[in-house]
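One structure is given here, and the rest of the page talks about it.
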Amino acid sequence: MENDILIDFRFAKEKPRFGELFLITGEEHPKFPPRNKLFAQLAPLGFEQLDDFFGILNSEDTGDDVLVWLFPMLNGEEVFHNSGPFDAIRLSYSALRNAPVNISVLQDCFNAIKGMPDVEITFDDKAVSDFAPIQQKADEIVAYWRDNNVEPGSEQSLLIEEEEEDWEDDDDEWDDNDDWEEESDTSNKK
């Protein structure tokens, strides 16, 4: 079961750069001055910079260390070490690794970002205009794990490995004696 809830907010017109996005921390970045202060209105949500991303830290002893992640995006992909401009941002929330009550933090983020001008919101590849389908998905994940005797946000939930792509071990396709060749990139040579 997919336990992460991913919500994308696409910017129809003005695309933020890292300097604008950084304002969600409540401060300006010294190396990336913002062109406008639009994202400063999101500072009360409590995001902090965590490497190239942003997150709202969990102040409780239970659950994941980060309640909600925010990732800048380009062309439908999360990006890092990038100054933008970004065409979207993604909120990520683990309904397994967080106590169910913490969905309210995600909802607060959803409502605040939804209130920004010219934002298109997608969830599960569908346009959404309210939090109801997201809440429903979170409730389904919580119910699934409770049916399997795991309380979301518990120590036990943190030990569950997220599903990863299965790699099939097919001896017919794998030859340990194959020579590996390094690809050289000549496109950057002058």
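The values are calculated or read from the model by the stated rules, or taken from the named source; none is laboratory data. None of the values given here were measured: they were computed from a predicted structure. Every residue, glycine among them, receives a Cβ derived from its backbone with ideal geometry; neighbour counts consider all protein chains shown.
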F131 passes all but one of (1) over 24 Å from M73 (Cβ atoms); (2) without any contact (Cβ under 8 Å) to a residue 40 or more places away in the chain; (3) crowded, with 16+ Cβ neighbours inside 10 Å; which number fails?
(1)
May I ask you to list pairs of residues, at least six apart or on different chains, whose Cβ atoms are under 7 Å apart, with the first in region 151-172 being in a helix (DSSP H, G or I) and the second being at pLDDT 50 or above and among the aliphatic types (A, V, I, L, M)?
Q156/V150; S157/L96; S157/V150
The lone condition V101 fails out of (1) out of contact with any helix residue (DSSP H, G or I) (no Cβ under 9 Å at 6 or more places or on another chain); (2) surrounded by 14 or more Cβ atoms within 10 Å (Cβ to Cβ); (3) in a helix (DSSP H, G or I) is (2)
Kindly indicate the residue of region 86-98 that is hydrophobic (A, V, I, L, M, F, W, C) and over 23 Å from K13 (Cα atoms) and also surrounded by the most Cβ atoms within 10 Å (Cβ to Cβ) among those meeting that condition.
A95
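Listed here are the residues, each with its yes/no results for (1) touching a strand residue (DSSP E or B) at 6+ places or on another chain (Cβ under 8 Å); (2) of a type in the set (G, A, S); (3) part of a strand (DSSP E or B); (4) closer than 21 Å to P16 by Cα.
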site	(1), (2), (3), (4)
N82	yes, no, no, yes
Y93	yes, no, yes, no
Q107	no, no, no, no
F110	yes, no, no, yes
K137	yes, no, no, no
E140	no, no, no, no
Y144	no, no, no, no
Would you confirm, using the coordinates I've provided, whether L50 is at negative phi and modelled with pLDDT of 90 or more?
no
Only residues that are small (G, A, S) and under 13 Å from P100 (Cβ atoms): list them for region 129-151, please.
A138, A143
Any chance you could count how many residues in region 61-85 are farther than 21 Å from K15 by Cα and surrounded by 13 or more Cβ atoms within 10 Å (Cβ to Cβ)?
6
